[in-house]
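First the structure, in the form of structure tokens, and then the observations on it.
The values are calculated or read from the model by the stated rules, or taken from the named source; none is laboratory data. Please read all numbers here as calculations on a predicted model, not as lab measurements. Note: ideal-geometry Cβ built from the backbone for every residue, glycine included; neighbour counts use all protein chains shown. Just the protein is used for accessible areas: all its heavy atoms, side chains included, with ligands, DNA and RNA removed. Shrake-Rupley method; radii C 1.70, N 1.55, O 1.52, S 1.80 Å.
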Amino acid sequence: MDEEVKSKPGMLKLGKTGWIITISLLIIGGLLLWKNISEKRLVKNYAEKEQSIIEKANLQLKANRSQTMDLVHMTLVWAIRSEMLRGNMEAVDQYIIQFVKEKDIEQVLLADPSGKILLSSDKKLEGKTFSNFYPSIILDANKSMVVDRDSTSIYVFGPVMGLSKKLGTLLFISSAKPFKGE
């Protein structure tokens with residue numbers, strides 16, 4: 001007598017091989033799903049770490065750039081001061097013309113204590129009032145300062161001091177390109 005296999009309602013009639021294949025497919029599907037989720041997590045973690053490194057690099061770049069710009073400004077001020085004390089404004093003009101040719105230097109100008117632009121790499125500004133083009137607070141600076149104007153440029157300014165009085169204010173504008181990690 002043959003015994004009939006009775007199946008419960010809703011159960012699939014699978015043989016031993018069918019169940020092995022079904023379970024194997026479920027395991028493979030689970031492994032693929034786990035692999036996909038793990039890869040996405042790794043990519044996300046990598047992107048977060050990369051962004052963190054870029055932000056730290058930009059902070060360090062900004063600090064280094066600021067320190068370098070301050071040193072360059074101080075050196076240029078000393079040279080300009082020396083020539084101004086000698087009354088040699090042609091040499092000062094040459095310093096400005098040469099300095100603006102350097103990489104990332106956009107503009108250089110020298111204003112007298114009253115706010116009149118004496119010399120500029122943009123000759124159209126000479127003789128005009130400083131505060132018409134730039135913040136007048138720059139003229140009040142009593143030490144060299146480096147200030148981010150926006151994300152693409154930096155103001156570097158400070159006084160040019162004579163023996164007993166302020167001779168003027170030197171301002172140069174430099175481009176500030178952030179590190180992008182490319």
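Overview of results
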| read-out | value |
| --- | --- |
| Selected residue (only one of Gly127, Gly87 is farther than 30 Å from Gln51 by Cα, touching a Leu at 6+ places or on another chain (Cβ under 9 Å) and free of Cβ contacts under 8 Å to residues at least 12 places away in the same chain) | Gly127 |
| Sole residue being open to solvent by 80 Å² or more (accessible area, probe 1.4 Å) and within 19 Å of Ile154 (Cα to Cα), chosen from Lys44, Lys62, Lys49 | Lys62 |
| Residues of the stretch 65-82 classified as more than 24 Å from Asp148 (Cα to Cα) and surrounded by fewer than 17 Cβ atoms within 10 Å (Cβ to Cβ), total | 2 |
| Output for the stretch 85-133, where each listed residue is among the aliphatic types (A, V, I, L, M), closer than 17 Å to Phe157 by Cα and in contact with a helix residue (DSSP H, G or I) (Cβ under 7 Å, 6 or more places away or on another chain) | Val92, Ile105, Val108, Leu109, Leu110, Ala111, Ile117, Leu119 |
| Selection from the stretch 83-92 of residues that are open to solvent by less than 50 Å² (accessible area, probe 1.4 Å) and over 14 Å from Thr169 (Cα atoms) | Glu83, Ala91 |
| Positions within the stretch 97-137 being open to solvent by less than 30 Å² (accessible area, probe 1.4 Å) and either aromatic (Phe, Trp, Tyr) or over 22 Å from Ala79 (Cβ atoms) (or both), in sequence order | Gly115, Phe130, Tyr134 |
| Unmet criterion (only one of (1) within 28 Å of Lys177 (Cβ to Cβ); (2) surrounded by fewer than 17 Cβ atoms within 10 Å (Cβ to Cβ)) for Asp140 | (1) |
| Residue satisfying condition, being closer than 30 Å to Glu48 by Cα and of a type outside the set (Phe, Trp, Tyr), within set Ser164, Ser175, Ser136 | Ser175 |
| Some residue of the stretch 69-79 being in a helix (DSSP H, G or I), modelled with pLDDT of 90 or more and touching a helix residue (DSSP H, G or I) at 6+ places or on another chain (Cβ under 8 Å) | yes |
| The stretch 149-174: number of residues that are farther than 16 Å from Met84 by Cβ and without any contact (Cβ under 8 Å) to a residue 40 or more places away in the chain | 5 |
| Looking only at the stretch 143-163, and only at residues there that are open to solvent by less than 20 Å² (accessible area, probe 1.4 Å) and within 28 Å of the chain's Cα centre (by Cα), the one that is farthest from Thr68 (Cα to Cα) | Pro159 |
| Search result, residues across the stretch 80-97 that are outside any helix (DSSP H, G or I) and not polar (S, T, N, Q) | Arg86, Gly87 |
